[in-house]
Amino acid sequence: MKKIIILAILIVVTGIYLYQKQESAVINIDVPIAQEYQAFTTSTPDIEKEIEIIEEVLQRASSSAKASKDRQDDEIVLIDAINLDVPFTSQAPTANWGQPWQDACEEASVLMVDYYYQGTALPGLVETESLLKDMTDWQIENWGDHHNLTMEELAEFVEITFGYQTELIIDLTPDKVKEYLQTGLPVIVPADGHKLNNPYFSNDGPDYHMLVIKGYSEDHFITNDPGTSWGAEFVYTSENLFYSIAEWNQKESQATGPKIGLVLNNN
């Protein structure tokens with residue numbers, strides 16, 4: 001009986017420890033109010049809102065230490081924070097983590113950005129799951145396999161099946177991502193899932209992963225990470241995210257490639 005009691009205590013203590021460890025790893029910040037894509041495409045904004053935006057930009061520019069006299073005229077002045085209203089889905093909407101959804105992070109990332117541009121919510125879980133399967137089925141039928149896609153392959157897939165023009169961002173940096181975000185464009189990035197600080201990942205995270213960067217605040221990036229059901233507006237530090245970002249190296253079969261991003265242009 002004594003051994004059973006000791007074992008029960010150890011189980012409880014271990015459970016509490018693991019729970020606290022998981023919770024402490026989740027970063028909580030004041031996430032900015034999400035902005036719809038239409039807010040960046042409206043040609044005749046409300047006058048009062050326009051004045052408010054101008055005043056805010058001027059205030060930030062005057063107080064920012066980054067603003068210097070040698071700043072070039074065409075350089076973009078980065079605002080302090082932004083958050084795009086990208087709808088979220090995990091890559092396994094109904095929690096079926098079998099194939100093809102186990103490896104559908106690329107497709108889920110594209111689908112989230114597509115619905116952001118449409119300005120509509122994603123459909124129900126079952127329908128979203130079906131859409132993801134349709135995307136992987138297309139690859140199997142046309143390319144012979146559903147595999148870890150390089151960013152170039154993903155761009156080709158998006159152009160063929162969704163009709164978007166795409167842009168690959170080479171030598172990706174935090175400032176480059178911020179420039180796209182503040183013009184209303186989310187950035188899809190590849191990553192070594194083992195390096196991402198995400199306590200919700202199982203088995204130390206995936207060998208190769210993909211997620212959507214949808215915002216930032218100071219030295220944190222706001223993402224929609226399809227790798228878990230808790231990935232909506234999941235926050236990573238800039239340091240950890242860019243430490244993890246890496247293209248898929250097909251020869252080595254691991255994420256050891258360069259830092260790169262993908263933007264879908266809705267023009």
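Collect the residues in region 168-199 that are over 17 Å from Lys214 (Cβ atoms) and surrounded by fewer than 19 Cβ atoms within 10 Å (Cβ to Cβ), keeping them in residue-number order.
Across region 168-199, the qualifying residues are Leu168, Ile170, Asp171, Thr173, His194, Lys195, Asn197, Pro199.
Can you find, within region 238-267, the residue that is modelled with the lowest pLDDT among those that are closer than 19 Å to Tyr180 by Cβ and in a strand (DSSP E or B)?
Among them, the one singled out is Asn265.
Listed here are the residues, each with its yes/no results for (1) over 30 Å from Thr42 (Cα atoms); (2) among the hydroxyl-bearing types (Ser, Thr, Tyr).
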| position | (1), (2) |
| --- | --- |
| Ser202 | yes, yes |
| Val212 | no, no |
| Gly215 | no, no |
| Glu218 | no, no |
| Ser229 | yes, yes |
| Ala255 | yes, no |
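Being out of contact with any Phe, Trp or Tyr (no Cβ under 9 Å at 6 or more places or on another chain) and either of a type outside the set (Gly, Ala, Ser) or over 20 Å from Tyr116 (Cβ atoms) (or both) is the filter; apply it to region 148-164 and report the residue that is surrounded by the most Cβ atoms within 10 Å (Cβ to Cβ).
Leu154
Quick one: which of Ala121, Ala92 is within 17 Å of Leu211 (Cα to Cα), touching a residue at least 12 places away in the same chain (Cβ under 8 Å) and part of a loop (DSSP other than H, G, I, E, B)?
Numbers: Ala121 fails: within 17 Å of Leu211 (Cα to Cα).
Only one candidate passes the filter, namely Ala92.
Taking the conditions exactly as written (in a strand (DSSP E or B), closer than 30 Å to Gly163 by Cβ and aromatic (Phe, Trp, Tyr)), does Tyr216 satisfy them or not?
So Tyr216 fits the description; yes.
I need the full set of residues from region 210-238 which are touching a helix residue (DSSP H, G or I) at 6+ places or on another chain (Cβ under 9 Å), among the acidic types (Asp, Glu) and surrounded by fewer than 20 Cβ atoms within 10 Å (Cβ to Cβ), in order please.
Passing the criteria: Glu218, Asp219.
Out of Val77, Val86, I need the residue that is modelled with pLDDT of 95 or more and either under 27 Å from Tyr208 (Cα atoms) or not aromatic (Phe, Trp, Tyr) (or both). Which one?
Selected residue: Val86, the only one of Val77, Val86 that is modelled with pLDDT of 95 or more and either under 27 Å from Tyr208 (Cα atoms) or not aromatic (Phe, Trp, Tyr) (or both).
Any residue at all in region 203-219 that is charged (D, E, K, R), over 19 Å from Ser90 (Cβ atoms), in contact with a Phe, Trp or Tyr (Cβ under 7 Å, 6 or more places away or on another chain) and touching a residue at least 24 places away in the same chain (Cβ under 8 Å)?
Within region 203-219, none of the residues are charged (D, E, K, R), over 19 Å from Ser90 (Cβ atoms), in contact with a Phe, Trp or Tyr (Cβ under 7 Å, 6 or more places away or on another chain) and touching a residue at least 24 places away in the same chain (Cβ under 8 Å).
Going by the conditions given, is Thr128 surrounded by 14 or more Cβ atoms within 10 Å (Cβ to Cβ) and touching an Asp or Glu at 6+ places or on another chain (Cβ under 9 Å)? Walk me through it before giving the result.
Working: surrounded by 14 or more Cβ atoms within 10 Å (Cβ to Cβ): yes; touching an Asp or Glu at 6+ places or on another chain (Cβ under 9 Å): no.
Against the criterion (surrounded by 14 or more Cβ atoms within 10 Å (Cβ to Cβ) and touching an Asp or Glu at 6+ places or on another chain (Cβ under 9 Å)), Thr128 does not qualify.
Please identify the pairs in which a residue from region 223-234 that is on the phi > 0 side of the Ramachandran plot has its Cβ atom under 7 Å from the Cβ atom of a residue that is surrounded by fewer than 17 Cβ atoms within 10 Å (Cβ to Cβ) and assigned to a loop (DSSP other than H, G, I, E, B), counting only partners at least 6 apart or on another chain.
Taking only residues 6 or more apart or on different chains, the pairs are Glu233/Val31.
Condition first: touching a His at 6+ places or on another chain (Cβ under 7 Å), in a loop (DSSP other than H, G, I, E, B) and acidic (Asp, Glu). Can you find one or more residues in region 188-204 that meet it?
Yes, region 188-204 contains at least one residue that is touching a His at 6+ places or on another chain (Cβ under 7 Å), in a loop (DSSP other than H, G, I, E, B) and acidic (Asp, Glu).
The values are calculated or read from the model by the stated rules, or taken from the named source; none is laboratory data. What you are looking at is a predicted structure, and each value in this text was computed from that prediction instead of being measured. Every residue, glycine as well, gets a Cβ built from its backbone with ideal geometry; the counts of neighbours run over all protein chains shown.
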